[in-house]
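This report concerns only the one structure given below.
Every number in this text was worked out from the coordinates using simple rules, so none of it is lab data. Not measured: the values here are computed from a predicted model. Cβ placement follows ideal geometry from the backbone for every residue including glycine, while neighbour counts extend to all protein chains displayed.
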Amino acid sequence: MRYSGWQVLAQGLLGNGGWRPAWRDPAPKPAYDIIIIGGGGHGLATAFYLAKEHGLTNIAVLEKGYLGGGNVGRNTTIVRANYGLPGNSEFYSHSLKLWEGLEGELNYNVMHSQRGLINLFHSDGQRDAYTRRANAIINQGDDAQILDREGVRKLLPYLDYEQTRFPIFGGLYHPRGGTARHDAVAWGFARGADQRGVDLIQNCEVTGIDIENGRVTGVQTSRGAIRAKKVGIVVAGRSSQVAAMAGMRLPIESHILQAFVTEGLKPCIDHVVTYGMGHFYISQSDKGGLVFGGDLDFYASYAARGNLPMAEHVIEAGMTLMPMIGKARMLRSWGGIMDMSPDGSPVIDRTHIDGLYLNCGWCYGGFKAVPGSGHCFAHLIATDRPHEAAARYRLDRFATGRGLMDEEGTGSQHNLH
Ligand SMILES: Cc1cc2nc3c(=O)[nH]c(=O)nc-3n(C[C@H](O)[C@H](O)[C@H](O)COP(=O)(O)OP(=O)(O)OC[C@H]3O[C@@H](n4cnc5c(N)ncnc54)[C@H](O)[C@@H]3O)c2cc1C
């Protein structure tokens, strides 16, 4: 069913009885050409691009819960391409370009809003680092400007410019950065994949991966065995557990990241803003809630909920930067399970098992990657060659030490990213 203004009008006049489910609910078939494990943003985007770009449609996406019930539907929705290191630069640039055409491609309103993102800096050293990053972004063909303090004040008049502990020196402005409606992204890709014949199978947990003579032959699931010629693992925070089913030990740790939202307010924050002296970032959703987050909870866990010390830390950082938010009432918080890689950068690669492919290590930045990751992973699965934008996302870099992309310079400890 195509969505359009005309449909809204017609359905409104007809009592809204004509809307159909956005995707089918098929039972699993005994065999597929390709199985994608994980119905999050990356898994659904992979299935969509496999069908659309490579004409492969005998595909199942197996999701243990419901589509979009994982991190894709519980993040702070920041979309940007302001990375500085080779490897990440070209990948996120590729992903942002896909975002910019996504609504037309899916015929789905994912509420992608390029409202601009500003990373604040608070010292001369930080200004230098951001200037280097701005140059790298511009060299990649993306947009970046260094704003001085007055330039920031014009855009963000509500910040506390008088505080002496962490004075605001300026900001790295990325006008094409912004936000999107997170679960609409999952729904849009789901509908697009389903329309092209992909089976989206919910409540179907993968419990084992079948391998014969070094080649993947299918999976075991809570709804029976399913054969497949190729299998892609795209399960974010559960990557280590699912890869272990194929006997693999990944360099990934699972950590919790929380997000917070306030009651709906009139528009007051027009951009995405990140604080440079504490881990705090904020934007305002189209419903009016202030959506913000901070750092990881700093211990490995599979519990999709966070703890109070980090909530306190995030709120303190917010109050330091923009004391006005102290007047807003917080409505809720939630946590998601992050697949933290040692260098903070992801993996899109084949494994040592023929026909088994791996997509993981997105840390807390994988929402903006959804179209790019799906596009590049589909290319890898279909052609057995890495897409040029994701060519550096090799798994063996952690074994060899060559080609690491430590964007944040935090070293190899997962919980410092
Ligand atoms: C609080 C928070 C804030 C964030 N903010 C941002 C942000 O502002 N910008 C940004 O770019 N990124 C952000 N992220 C990160 C981003 O959300 C993730 O990196 C990204 O969504 C992960 O990929 P995914 O969407 O495929 O994951 P998910 O949606 O988690 O999908 C993985 C799916 O795999 C399924 N699965 C797991 N095991 C199995 C199994 N055995 N069988 C079948 N299915 C299985 C899960 O149920 C899940 O649905 C944030 C994350 C969180 C939690």
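In table form, for the structure just shown:
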{"item": "Sequence ranges 320-333, 117-130, ranked by mean other-Cβ count within 10 angstrom, highest first", "result": "117-130, 320-333"}
{"item": "Which of Ile211, Gln163, Ser239, positive extreme of dipole for the stretch 108-242 (C-beta unit charges)", "result": "Ile211"}
{"item": "Sequence-distant residues sharing a close amide H with Met338 (under 5 Å, placed H)", "result": "His255, Ile256, Leu257"}
{"item": "Gain upon complete extension [Asp160, Asn307; 0.36 nm per residue less C-alpha separation]", "result": "50.2 nm"}
{"item": "Two-decimal ratio, the stretch 249-405, of alpha-carbon radius of gyration to 2.2 N^0.38 Å", "result": "1.22"}
{"item": "Cβ-placed point charges (K, R +1; D, E -1), dipole of the stretch 125-272 about Cα centre in debye, nearest 20", "result": "380 debye"}
{"item": "Amide H contacts of Thr207 (H built 1.01 Å from N, under 5 Å, at least 5 apart or other chain)", "result": "Gln220, Thr221, Ser222"}
{"item": "Those GluC sites (Glu not before Pro) in the stretch 87-192 that DSSP places in a loop and that have at most 11 other beta carbons within 10 Å", "result": "Glu162"}
{"item": "Inter-probe distance in nm under a simple model that places probes 7 Å from Cα toward Cβ, at Asn16 and Ala244", "result": "4.5 nm"}
{"item": "Stokes-Einstein diffusion coefficient of the chain, Kirkwood radius over Cα pairs, 25 °C, 0.890 mPa s, in µm²/s", "result": "111 µm²/s"}
{"item": "For the stretch 205-213, 3J(HN,Hα) per residue [Karplus equation, 6.51 cos²θ - 1.76 cosθ + 1.60, θ = phi - 60°, Hz, x = Gly/Pro]", "result": "8, 7, 10, x, 10, 8, 9, 10, 6"}
{"item": "Neighbour cut-off at most 16 other Cβ (10 Å), DSSP loop, trypsin sites (Lys or Arg not before Pro), the stretch 213-242", "result": "Arg223"}
{"item": "For Asp295, distant residues with modelled amide H under 5 Å away", "result": "none"}
{"item": "Under 20 Å from Lys52, Cα to Cα: lysines that are on another chain or at least 8 residues apart", "result": "Lys97, Lys229, Lys230"}
{"item": "Segment Asp286-Gln202, extension gain: residue separation times 0.36 nm, minus the distance between their alpha carbons", "result": "27.3 nm"}
{"item": "Of Tyr66, Tyr281, Tyr92, the one that fluctuates the most in a GNM where the chain has Cα springs shorter than 10 Å", "result": "Tyr66"}
{"item": "Residues Ile138 and Glu263, FRET efficiency given R0 of 30 Å [Cβ-Cβ distance, rounded to 0.05]", "result": "0.15"}
{"item": "Potential lengthening between Tyr3 and Asn415 on full extension [0.36 nm per residue; Cα-Cα distance subtracted]", "result": "144.0 nm"}
{"item": "Packing-based ranking, highest mean first, of 409-416, 390-397 given that Cβ atoms within 10 Å are counted", "result": "390-397, 409-416"}
{"item": "Ranked packing of 249-259, 299-309, most packed first, by mean Cβ within 10 Å", "result": "249-259, 299-309"}
{"item": "Calculated from backbone phi, Karplus (6.51, -1.76, 1.60) coupling profile of the stretch 44-49 in Hz, x at Gly/Pro", "result": "5, 5, 4, 4, 4, 6"}
{"item": "Positive dipole terminus of the chain, leading residue within Gly17, Gly38, Gly306 (C-beta point charges)", "result": "Gly17"}
{"item": "³J(HN,Hα) computed for each position of the stretch 112-126 - Karplus, 6.51 cos²θ - 1.76 cosθ + 1.60, integer Hz, glycine/proline x", "result": "5, 10, 8, 8, x, 10, 10, 8, 7, 10, 10, 7, 5, x, 5"}
{"item": "Estimated inter-spin distance, Arg223 and Arg385, nm [label 7 Å along Cα→Cβ]", "result": "3.6 nm"}
{"item": "For the chain, calculated [θ]222 nm from helices alone, where every DSSP H run of n ≥ 4 adds -39500 (n - 2.57)", "result": "-8500 deg cm²/dmol"}
{"item": "Beta bridges per DSSP with both ends in the chain, % antiparallel, nearest 5", "result": "70 percent"}
{"item": "Kirkwood-type radius of the stretch 255-303, with distances r between different C-alpha atoms, in Å", "result": "11.9 Å"}
